[in-house]
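In what follows, a single structure is set out as structure tokens and then discussed.
The values are calculated or read from the model by the stated rules, or taken from the named source; none is laboratory data. Everything quoted here is computed from the prediction, not taken from an experiment. Counting neighbours? That spans all protein chains shown, and the Cβs are built from the backbone with ideal geometry, glycine included.
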Amino acid sequence: MSTAPTHRVLVCATGFPRSVDDAHKPFLLDHARALVDAGHEVTVVCPGAAGLPGREVIDGVDVVRFRYAPRVLETLAYDGAMYRRVVGPHVVVVPLFVLSFLATVVFAARRRRVDVIHAHWWAPTGIVAVVAATLTGAASVIHLHGSDATIARGPLVPLARWTLGRAGAVLAVSDELAAWGSAVSGRPVEVVPMPLPLGRLPVPTPPPDHGPVLGVGRLLPEKGFDVLIRAVAQVGRPVVLVGEGPERTALQVLAVEVGADLTLVGQVAPGELGEWYRRASVVAVPSRREGFGLVAAEAAAAGRAVVGTRVGGIPGVVDDGVSGILVPPDDVAALADALTRVDSAMGSRGPAQVEHLGPARHALAVGAAYERALSRRGDPAGR
């Protein structure tokens, strides 16, 4: 039995699964569940939306959702692209969002007497966390994900530096993000990826002889599915995409133009995703930008060879030439060539590449970060 210290933790995020079957940020439920299983007392604070209760328990995790505007205007969260929406007409509700977020976090932290406020993403969540920690005496931890570096441009860089510099500890889901966080803040940033959902993934099996190429994720430009469609058209392989997003119609049109055999499955529940990995002969992760690359890690755990790009955390879970093949982003020719060269039997080496990403080890790493943050509590510079 583990003797690691446990804490009362407030997890802050700009979105959270609405049920165990919700495909919106399921990695955050896996993260919170891992902490609960390790003995931490966890409360999640996240935005509300129409039809969602103000408080509920999801898979043993206490979830509090805050209101920030009339329901018709509560549209910033749960579409997978908040950082885009805040620069459009929805920007008018951003101040209300941040103030409501802060008030809810402060109230919840005081009421639950939390030790640590753990924020996912530096803005606005990390800003809320460091301010709330100052007001309540808690320690703060900021976890960097894929969009963190993307939004820190121009005048926002000093704000990112201030926020990361005042957190008790800063974590990142990949080496690439950790390097960015260290460069901005001038402090060490530890790599702590999100945990693999081992209970939802299939036991590794030999890949089918004529299975399709599988892509999984939001249908957004940064996922590079347009590159994948062009590549499979060149090599004559069928491709199946699991996910929804604003690029769906554009991808359908592109597939017709280039003669690709494309199947769009739409969104599936996290518990059903394992079946799609089982049906695939190879999984492609053609991202132009990625935080961790959870799909690559899940595919490796399921025993599927991965053809992915050298971005984010993908090189950390794909051993090039051993468990899959890595290519440059936005390179149709390189991706097509990799799809012809990849041996689906490479997938048998995938599970060993990601065995360190289990929930128990994730909770240990996060718990150690909590201890460091608590030891620095009261230092305004987060040293």
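Determine which member of the set Val268, Val295 is under 27 Å from Val191 (Cα atoms), in contact (Cβ under 8 Å) with a residue 60 or more places away in the chain and among the β-branched types (Val, Ile, Thr).
Val295
Being part of a helix (DSSP H, G or I) and either free of Cβ contacts under 8 Å to residues at least 60 places away in the same chain or of a type outside the set (A, V, I, L, M) (or both) is true for just one of Phe16, Phe27. Which residue is that?
Phe27
If I ask for residues that are part of a helix (DSSP H, G or I) and surrounded by fewer than 21 Cβ atoms within 10 Å (Cβ to Cβ), which ones from segment 30-47 would you list?
Selection gives Val36, Asp37.
When the residues of segment 308-349 are filtered to those that are β-branched (Val, Ile, Thr), in a strand (DSSP E or B) and without any contact (Cβ under 8 Å) to a residue 60 or more places away in the chain, which remaining residue is farthest from Gly211 (Cα to Cα)?
Val327
Every residue, every condition in (1) closer than 24 Å to Arg33 by Cβ; (2) within 16 Å of the chain's Cα centre (by Cα); (3) surrounded by fewer than 22 Cβ atoms within 10 Å (Cβ to Cβ), yes or no:
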residue: Phe97; (1), (2), (3): no, no, no
residue: Arg113; (1), (2), (3): yes, no, yes
residue: His118; (1), (2), (3): yes, yes, no
residue: Ala160; (1), (2), (3): no, no, no
residue: Trp180; (1), (2), (3): no, no, yes
residue: Pro195; (1), (2), (3): yes, yes, no
residue: Arg200; (1), (2), (3): yes, no, yes
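Would you please name the residue that is nearest to Val98 (Cα to Cα), looking only at residues in segment 109-147 that are part of a helix (DSSP H, G or I) and among the basic types (Lys, Arg)?
Checked segment 109-147; the qualifying residue nearest to Val98 (Cα to Cα) is Arg110.
Tell me, which strands (runs of 3 or more DSSP E) lie completely within segment 148-255 with 1 or more residues that are farther than 30 Å from Gly367 by Cα and at pLDDT 95 or above?
213-216, 239-242
Asp319 passes all but one of (1) more than 19 Å from Ala302 (Cβ to Cβ); (2) surrounded by fewer than 20 Cβ atoms within 10 Å (Cβ to Cβ); (3) not hydrophobic (A, V, I, L, M, F, W, C); which number fails?
It is condition (1) that Asp319 fails.
Considering every residue within segment 208-225, establish whether at least one is acidic (Asp, Glu) and either under 18 Å from the mean Cα position of the chain (by Cα) or closer than 22 Å to Gly313 by Cα (or both).
Yes, some residue in segment 208-225 is acidic (Asp, Glu) and either under 18 Å from the mean Cα position of the chain (by Cα) or closer than 22 Å to Gly313 by Cα (or both).
Across segment 131-181, what is the number of residues that are of a type in the set (Asp, Glu) and free of Cβ contacts under 8 Å to residues at least 24 places away in the same chain?
0
Given the conditions (1) crowded, with 19+ Cβ neighbours inside 10 Å; (2) basic (Lys, Arg); (3) assigned by TED's automatic domain parsing to the domain that holds Ala363, which single one is not true for Arg187?
The single condition Arg187 does not satisfy is (1).
Quick check on this structure: which one of Leu171, Leu164, Leu102 is within 30 Å of Ala269 (Cα to Cα) and touching a helix residue (DSSP H, G or I) at 6+ places or on another chain (Cβ under 7 Å)?
It is Leu171.
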